[in-house]
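Below is one structure, written out as structure tokens; the observations come after it.
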Amino acid sequence: MAERDPNEVEEIRKIILSHQAWLKRPGSGKRADLSFRDLSRLNLERVALAGAKLAGANLTNTRMVKADLGQADLFGADMEGVNLTAATLAGADLRGANLHRALLTDANLRGADFRAGELLDDTRKTTRGTGTTRLTEAKMERSILAGANFAGCDLTGADLNDADLTGAELTSAVLMGTDFCGATLDGAVFGNTVMDQATLTRTYIPFALPPDAIVPPNYTAMPVAAFLELVAAHERWVDSGGAEGARLDLDLVSVAGADLAGRSLAAARLRRCRLPGARLTKASLEMAELSYIDLDEADLSEAVLRGATLRRAYLSHALLVRADARPAQLAGGRSWPTNFDGADFSDADLRHARMGEALVRGATFLNTLIDGSGIDLANAALPSPPPPMEERRRQKRFVRPGLVVHTEHGAFPTRNWSVGGLCLLAVNQPYRPGQTFQARVVMADRQEIVAVANLTVLHRDEERGQLSVRFHQYGDDLKGLLKAAFLEHQKLTG
């Protein structure tokens, strides 16, 4: 990367310092206007830019850990790969922003606006971006997203494990391959929300949905003949090293029953496509990008999948007998593993496939034949490793099974719970932050499992009617209840 102009960096530093003075006393500084400025790859950790103007700014791969961007104007900003771990973006305007693969773990995005928005670049008299806000493959574990507006936002492949989406607006959002494991969805609004069957199956929504709340993806049907013409052009592209033909690059396209036996789709891009019943025996799919693809009942026997990405792919009833999923060998001796992270192999046949080195964490192996494949089911069942400890704010939370806390002022159900404490639905209760009280904790569906706990109040939210408490002490009965609740959670989530 070319060195940044020191004068430019110094100018940006002065603008930020003036903004920080403005935050403390408006008369002593000036609100920052960094619209359309190039801030990419800078280290802005803990920077205070609350309320700043950053519309159209380039923040790609910028480090903004624990930054304060509350109420900031980030309309149309390019934030691909930005690191906003534990940052504050409450109320921020992120309409039309590109947050592809952004790191937003433990971030506070309460009330943020992720709706569509198209930005006019006055310097070039052109519009930037597609208008749709992209949170594709963003890491948003444990983030606070209560009241955020995701209407029309693309959240394909995003990780929202244990995130708080209470009251979030998800109308017309795209939720393909999105992971909501442990997320709080109380009061979230669904309507014309796009969700593939695999995502819908593994997502726990704690209330009944109207008939039109969830809709399937809108795939474009392509005739087999037209698709095979594109495959032939792709093969010319591969054979000529890119000099002839064209790379196969499709999204949200459906082709049923295509015969691709022995064909070369190396390095093809078929994200979010459907190829049900496709015949791919002995096909070359090396380094292909096939994330979120639907290959239901496809035949990939003896196919070469080395280095391919099939993240959260739907491979139910597929045949992968003797498929080669070893790592691809790149220049310099580097290995690139085949990625089946979160894929669904239900009822698939993987016998004697070479998958011992493939990434299969979080994959589903219900009634799957795996003899001779090298897959370690015990290791595959483990969840993906959590972010580094220094980036964590709180422990993993669970919605199911529900717990009920009985106090002298009434019984309060949990909104969610962890091994460290509880979030209670507790309207009109007298407890205050810092107060410790004793209560009886019961599993909602198993009244015989009960424990006495001493609880300390951490936070009281009048508007949302909830009370956050932590366990002050752990007796044997409380440890037993938490263990039973965790085992029940595993049973409920499969």
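The values are calculated or read from the model by the stated rules, or taken from the named source; none is laboratory data. Note that the structure is a prediction, hence the values are computed from the model and not measured. FYI the Cβ positions are ideal-geometry reconstructions off the backbone, even for glycines, and counts take in every protein chain you see. With ligands, DNA and RNA removed, areas are computed over all heavy atoms of the protein, side chains included. Shrake-Rupley method; radii C 1.70, N 1.55, O 1.52, S 1.80 Å.
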Whole-number D in µm²/s for region 248-370 (Stokes-Einstein; Kirkwood sum over Cα pairs; 4 °C, 1.567 mPa s): 94
Euclidean distance of C-alpha centroids, region 217-241 and region 284-361, integer Å: 20
Using θ = phi - 60° and Karplus 6.51 cos²θ - 1.76 cosθ + 1.60, couplings along region 79-87 (whole Hz; Gly, Pro as x): 10, 4, x, 5, 9, 10, 4, 6, 7
Local net charge near Asp239, Cβ-Cβ under 15 Å (Lys/Arg +1, Asp/Glu -1): 0
DSSP loop GluC sites (Glu not before Pro) with at most 10 other Cβ within 10 Å: longest gap in the chain: 4-407
Cα centroid of region 413-452 to Cα centroid of region 151-198, whole Å: 27
Arg415 long-range amide H proximity, modeled H, under 5 Å: Cys423, Leu424, Leu425
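Between beta-carbons, use under 14 Å as the cut-off and find the net charge around Asp294, counting Lys and Arg +1, Asp and Glu -1.
Here the count lands on 0.
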Exposure of Tyr204 as accessible area (Å², to 10), given a probe of 1.4 Å and all protein chains: 90
Unit charges on C-beta of K, R, D, E only; dipole of the chain, Debye: 1320
Computed helical MRE - 222 nm, the chain, DSSP H runs ≥ 4 contributing -39500 (n - 2.57), nearest 500: -4000 deg cm²/dmol
Partner lysines for Lys139 [C-alpha distance under 21 Å; skip if fewer than 8 residues away on the same chain]: Lys66, Lys396
Gyration tensor (alpha-carbon) shape descriptor, region 243-315, a/c threshold 1.5: rounded
Per-residue HN-Hα couplings for region 44-56 [Karplus 6.51, -1.76, 1.60; θ = phi - 60°; Hz; x = Gly/Pro]: 10, 4, 6, 5, 9, 10, 4, x, 6, 9, 10, 4, x
Over region 1-58 - Rg/Rh using Cα atoms and the Kirkwood inverse-distance radius: 0.98
Spin-label pair Asp249/Ala331, simplified geometry with 7 Å Cα→Cβ offset, distance in nm: 2.0
Whole-number accessible area per residue in Å² for region 236-384, which is evaluated in the context of all protein chains at 1.4 Å: 44
Leading residue at positive end of dipole, the chain (Cβ point charges), from Ala348, Pro206, Leu467: Leu467
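With all protein chains present and a 1.4 Å probe, how do Leu200, Leu119, Leu69 order by accessible area, largest first? If you can, show how the numbers build up before the last one.
Working: Leu200 60, Leu119 20, Leu69 0 Å².
Per-residue accessible area, sorted high to low, gives Leu200, Leu119, Leu69.
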Label-to-label distance, nm, for residues given as Leu377 and Tyr219 (7 Å Cα→Cβ offset): 2.9
Of (i) 20.3; (ii) 22.7; (iii) 27.5, the label for mean projected area of the Cα convex hull in nm² derived from the coordinates: (iii)
Tensor-based shape of region 1-122 (alpha-carbon gyration tensor, a/c under 1.5 rounded, otherwise prolate or oblate): rounded
